1. I need a count of the residues in segment 169-181 that are part of a loop (DSSP other than H, G, I, E, B) and touching a residue at least 40 places away in the same chain (Cβ under 8 Å).
2. Before we move on, is LYS210 surrounded by fewer than 18 Cβ atoms within 10 Å (Cβ to Cβ), in a helix (DSSP H, G or I) and among the charged types (D, E, K, R)?
3. I need every pair where a residue in segment 55-77 that is at positive phi and buried (at least 21 other Cβ atoms within 10 Å of the Cβ) has its Cβ under 8 Å from the Cβ of a residue that is β-branched (Val, Ile, Thr) and not in a loop (DSSP other than H, G, I, E, B), sequence separation at least 6 or different chains.
4. Pairs only if they're at least six apart or on different chains, beta carbon under 8 angstrom, first in segment 203-218 and of a type in the set (Val, Ile, Thr), second at pLDDT 90 or above and assigned to a loop (DSSP other than H, G, I, E, B); list them, first residue then second.
5. Within segment 164-174, can one find any residue that is at pLDDT 90 or above and over 25 Å from ASP15 (Cβ atoms)?
6. Given the condition part of a helix (DSSP H, G or I) and modelled with pLDDT of 85 or more, answer yes or no: does some residue in segment 243-250 qualify?
7. For the structure I just gave you, tell me whether ASP187 is more than 30 Å from GLY99 (Cβ to Cβ) and in contact with a Leu (Cβ under 7 Å, 6 or more places away or on another chain).
8. Out of LEU190, LEU197, LEU151, LEU163, report the one residue that is in a loop (DSSP other than H, G, I, E, B) and in contact (Cβ under 8 Å) with a residue 40 or more places away in the chain.
Amino acid sequence: MQPVDSIENLRVRIDRFFKPPCGRTKTGSQLSLGLDAIESQERLIDYPSKNIGGFLDFLADALPDGDVYLFGGILRDMALLGKRGFKSDIDLVVEGEWGHCVTYLESLGAQRNKFGGYRLNVADWPIDIWNARETWAIKQGLVKYKGIASLTETTVSNWDAILMNWRTKAFIYRTNYLEEIKARMLDIVLEQNPNPLGMAIRVFRHLCSKDAKKITLTTAKYLAHCVDSYEFEELKAEEIRSYGNNLIDYSFYRLFEHFLDCEENDFALRYSIASDRLKKEVHLF
């Protein structure tokens, strides 16, 4: 599936993903008892409380003075790849009555996670829920909270810098978000994050799986820093542990090793030299 070409297109993809599943259930006796009034019949059963969309509706209703937002990964993957491309956790942020929200979540059996949010499973799908004012980058003082739009400055990648208000279905996103998604241009918004190894692996996987067709110099510098921080085998081992497979190609790792080794001050020139060195290295084998 191609990346979305409009916000309306993204809204349609999200709506399809959360559309409640309907199952057809046959009712009636399996044995013929000779009673004409009892007939085999079908009825359509909808289980709104057993699907994620229904849960989000209930959560929004439980916060009359607040709002619930989809955030980051689910919107990124829907924008890039559509429903089939999303296999991650669902991240939600709440702006408003957080204490009231906590009471409601704990009544559902949600568990506190290590970064201060809450986690629970809905329809076998893991969901993490955060207080917008207490997300990691805000708490660390890396980004000043000036409203819900501030969260678009807290993500590592530009692709994650988007929110959707569940109640109104309105989107909040960075300038040029759609253009960068359509071009598959990967940029780094905020390098600092609570899981630097895991995020390094995610960015490398975007590159190696060809989700990213282009990267900015900021991304190149970020990946060079990752190469300086982690050995390839360390990345590979953690990737297998987290994803169950390896996508990160050693040649990409070597590219950013060459980038790191270049002494030129011009980063565009450094990237060009690193690419040329890698091509010569490949031809030796």
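1. Count: 1.
2. no
3. What qualifies is GLY72/ILE162.
4. Once the first residue is of a type in the set (Val, Ile, Thr) and sits in segment 203-218, its partners that are at pLDDT 90 or above and assigned to a loop (DSSP other than H, G, I, E, B) give VAL203/VAL156; ILE215/ASP187; THR216/ASP187; THR218/ASP187.
5. Scanning segment 164-174, I find no residue that is at pLDDT 90 or above and over 25 Å from ASP15 (Cβ atoms), so the answer is no.
6. Checked segment 243-250: at least one residue is part of a helix (DSSP H, G or I) and modelled with pLDDT of 85 or more.
7. Criteria not met by ASP187.
8. The match here is LEU190.
The values are calculated or read from the model by the stated rules, or taken from the named source; none is laboratory data. Here the structure is a predicted model, which is why all the values come from computation and not from measurement. We place every Cβ from the backbone using ideal geometry, glycine too, and count neighbours over all the protein chains shown.
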